[in-house]
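> Can you keep this structure in mind? I'll have questions shortly.
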Amino acid sequence: MESSIVTLPQSFTTADAAAVIWLFGSWLAIGWLTEHPPRRHPSVSVLMKEYRREWMRQFVTRSPRIFDGNILFSLREGTSFLTSACMIAIGGGLALIGNTDQLAGVARQFDMDHVPALMWEIKIVVALFFVANAMLRFIWSHRLFGYCAIMMAAVPNEIDDPHAVPRALQAAEINITAAKSYNSGLRCVYFALGALGWLAGPLWLFMATTAVLAVTVRREFASGSRRVILARLP
């Protein structure tokens, strides 16, 4: 029997491979660094964990608790919106893969008509990988926020009830896990935008990835909002 071997197109150069490795390496690295930052310089995501725990502590004594429900509703609305946006983006990307003639027409205007259709499809698939990953994370985040809402509803109204604080802190941990998935989904969206730079070539992919990485690092470790959060940490 003859075995078929899937090979990359000849237009996939060493520069392309290096840029793609830089893309995925940056995505994995910033994800790990955000969740496991140095103790002396925590990220915004880590700092917000304590605020979420403090939220649940205050939730126990707050009456009525409509304010807390509204906050959780807004968080779930955000995940729903981004999930829908990702689904639309995936649909558009798949449609574009099925008709790469449009990209070929644009490529001819930039003297890139030598790039085969398969190469265009690979570039789109890489961007769609991040969008699909983001969608899955937003869906899971939405579900976890739902779990958090149910657990918050299970917190007794009596402050002196021995189950009040433990259940509230359980809800806080679920809330933290949901936020972790939400933040991870946002990073996937950022790097999906960076992956689109590959359509213009490996150099543009490298520069777009570097720009996304710089923005993400700044927002997590050197932003003005981080200084405010750190100064008022519970």
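> Treating the Cα atoms of region 116-179 as identical point scatterers in vacuum, please give the log10 of the normalised Debye intensity I(q)/I(0) at q = 0.25 Å⁻¹, two decimals.
With one equal scatterer per Cα and no solvent, log10 I(q)/I(0) is -0.94.
> Also: Subtract the Cα-Cα distance of residue 65 and residue 49 from 0.36 nm times their separation in residues, and report this length gain in nm to one decimal. Spell out each step's value before the answer.
On the way: separation 16, 0.36 × 16 = 5.76 nm, distance 2.07 nm.
Gain on stretching residue 65 to residue 49: 3.7 nm.
> Provide 49, 180, 123 in ascending order of the number of other Cβ atoms located within 10 Å of each residue's Cβ, fewest first.
Numbers: 49 16, 180 19, 123 25.
Result, fewest neighbours first: 49, 180, 123.
> Summing -39500 (n - 2.57) over the DSSP H runs of n ≥ 4 in the chain and dividing by its residue number, what mean residue ellipticity at 222 nm do you reach, to the nearest 500 deg cm²/dmol? It would help to have the intermediate numbers written out before the result.
On the way: 8 runs with 179 residues, N = 234.
Helices in the chain give a 222 nm mean residue ellipticity of -26500 deg cm²/dmol.
> Could I ask something else about it? State, as an integer percentage, the relative contact order of region 43-231 based on alpha-carbon contacts under 8 Å between residues 6 or more apart. Mind showing how you got there, number by number?
Working: 190 pairs, mean separation 57.2, N = 189.
Relative contact order comes out at 30 percent.
> Using a Gaussian network model of the chain with C-alpha springs under 10 Å, which one of 53, 76, 219 is most mobile by mean-square fluctuation?
Residue with maximal mean-square fluctuation among 53, 76, 219: 219.
> Please report how far the C-alpha centroid of region 136-208 lies from that of region 16-52, rounded to the nearest whole angstrom.
Each part's Cα centre sits 15 Å from the other's.
> For residue 15 paired with residue 163, estimate the spin-label separation in nm (one decimal), with each label point 7 Å from Cα along the Cα-to-Cβ line.
Output for this residue pair reads 6.5 nm.
> Counting residues in the chain as N, plug N into 2.2 N^0.38 Å and put the Cα Rg over that result.
Values: Rg = 22.2 Å, N = 234, 2.2 N^0.38 = 17.5 Å.
Compactness ratio reported: 1.27.
> Another question, if that's okay. So, R0 is 45 Å and r is the distance between the beta-carbons of residue 90 and residue 40; what FRET efficiency does that work out to, to 0.05? Spell out each step's value before the answer.
Numbers: r = 40 Å, r/R0 = 0.89.
Calculated value: 0.65.
> If each residue's Cβ is checked for other Cβ atoms within 10 Å, how do 80, 181, 74 rank with the fewest at the top?
Working: 80 14, 181 20, 74 10.
Ascending Cβ contact count within 10 Å gives the list 74, 80, 181.
> How do 14, 216, 209 rank when sorted from fewest to most other Cβ atoms within 10 Å of their own Cβ? All intermediate terms of the calculation are to be shown ahead of the outcome.
On the way: 14 8, 216 22, 209 25.
With the sparsest Cβ surroundings first, the list reads 14, 216, 209.
> Would you mind computing, in nm to one decimal, how far apart the modelled labels at residue 207 and residue 29 are, each placed 7 Å from Cα along Cα→Cβ?
Going from the residue 207 label point to the residue 29 one covers 2.0 nm.
> Along the positive direction of the dipole of the chain (beta-carbon charges: Lys, Arg +1; Asp, Glu -1; about the Cα centre), which of 182, 206, 26 reaches farthest?
Farthest towards the positive pole: 182.
Every number in this text was worked out from the coordinates using simple rules, so none of it is lab data. This structure is a prediction, so every number in the text was calculated from the model and none was measured. Virtual Cβ from ideal backbone geometry, glycine too; neighbours counted across all protein chains shown.
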